[in-house]
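Step one of this worksheet: look at the structure below.
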Amino acid sequence: MHPYLAEFIGTGFLILLGVGVVANVILKDTKGNNSGWMVITTAWALAVFVGVSISAPYSGAHLNPAVSVGLAMAGQFEWSEVLPYSLMQMLGAIVGASLTWLMYKDHFDITEDQGIKLGVFSNTPAIRNYKSNLLSEVIGTFVLVFVVLYFAPAALEDAVQTPVGLGSLGAIPVAFLVWVIGLSLGGTTGYAINPARDLGPRIAHALLPIKGKGSNDWGYAWVPVLGPLIGGLLAGLAFLLIGK
């Protein structure tokens, strides 16, 4: 599989399952309605496991522009590949979110609250304070990228040469990492920690014919994009300074 295709497919599965659990928990009359934060964070962790398992042997399983940027800053990835990787991640996220809407369309139709509908697709802060929200995303993403850099060599060539890569046993620690970030640091902004995770589905929300949808809240959209990118860059820089 071509690395770009692997990033597209892996991110698509990540968002389908991750956005899917949010839909299951917050949309009206679903089987999982009001099942809570533990369900959401657990399913997101398992969604990461699925996406990594699919794509790691071929692309290194970034599935996240902040990871691509952080690895490049740490010298583990070519800067020239960051933009094409990010583009494929964004496209995969749009497709994954669109499939979630198709899956839950009946429940979107009967859910009246426009904020809940947007909340399926995009992150919303518990308390809207842009400085604090940005800091939350920076810290959460820093933890993600910094710890990933210490799991295993993440360079693209390593993933291609190794049949398993992070795609089998190695996907488990990544899933646990995302799980603990959600449980410990996700309560402020919903822990996007991934520009594609928020912007891709937000674009899907804007484009899809969702019944009774409201604003896309573009005024907040920069936070879950810029915050993770800053966090990824800082994690890569810290890795360079501290060393392996």
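The values are calculated or read from the model by the stated rules, or taken from the named source; none is laboratory data. The shown structure was predicted, so the numbers you read here are calculated from the model rather than taken from an experiment. With ideal geometry, Cβ positions are generated from the backbone for all residues, glycine too; neighbour counts draw on all protein chains shown.
Within the set of pairs 6+ apart or on separate chains, which have a first residue in the range 164-185 that is aromatic (Phe, Trp, Tyr) and surrounded by 20 or more Cβ atoms within 10 Å (Cβ to Cβ), a second that is assigned to a helix (DSSP H, G or I) and at pLDDT 90 or above, and C-beta atoms under 7 Å apart?
TRP179/THR41; TRP179/THR42; TRP179/ALA45
Please work out if LEU27 is over 19 Å from the mean Cα position of the chain (by Cα), surrounded by 19 or more Cβ atoms within 10 Å (Cβ to Cβ), farther than 28 Å from ALA238 by Cβ and modelled with pLDDT of 95 or more.
Judged against the criteria, LEU27 is a match.
Going by the conditions given, is TRP79 modelled with pLDDT of 95 or more and either under 27 Å from GLY212 (Cα atoms) or touching a Cys at 6+ places or on another chain (Cβ under 8 Å) (or both)?
no
So which helices (runs of 4 or more DSSP H) stay within the range 124-237 end to end and still have 1 or more residues that are at pLDDT 95 or above and closer than 25 Å to ALA72 by Cβ?
130-151, 171-185, 195-207, 218-221
Determine whether the range 55-77 contains at least one residue that is out of contact with any Lys or Arg (no Cβ under 8 Å at 6 or more places or on another chain), of a type in the set (A, V, I, L, M) and more than 20 Å from LEU177 (Cα to Cα).
yes
Check off (1) among the small types (Gly, Ala, Ser); (2) more than 17 Å from LEU71 (Cα to Cα); (3) buried (at least 20 other Cβ atoms within 10 Å of the Cβ) for GLY214 and give me the number that stays unchecked.
Evaluating GLY214 over (1) among the small types (Gly, Ala, Ser); (2) more than 17 Å from LEU71 (Cα to Cα); (3) buried (at least 20 other Cβ atoms within 10 Å of the Cβ) leaves (3) as the failure.
Condition check ((1) at positive phi; (2) hydroxyl-bearing (Ser, Thr, Tyr)) across all residues:
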position	(1), (2)
ALA56	no, no
LEU63	yes, no
MET88	no, no
ILE94	no, no
SER98	no, yes
LEU102	no, no
ASP106	no, no
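Are there helices (runs of 4 or more DSSP H) fully within the range 35-120 with at least 3 residues that are more than 14 Å from the chain's Cα centre (by Cα) and buried (at least 19 other Cβ atoms within 10 Å of the Cβ)? List them.
Answer list for the range 35-120: 37-59, 65-73, 82-103.
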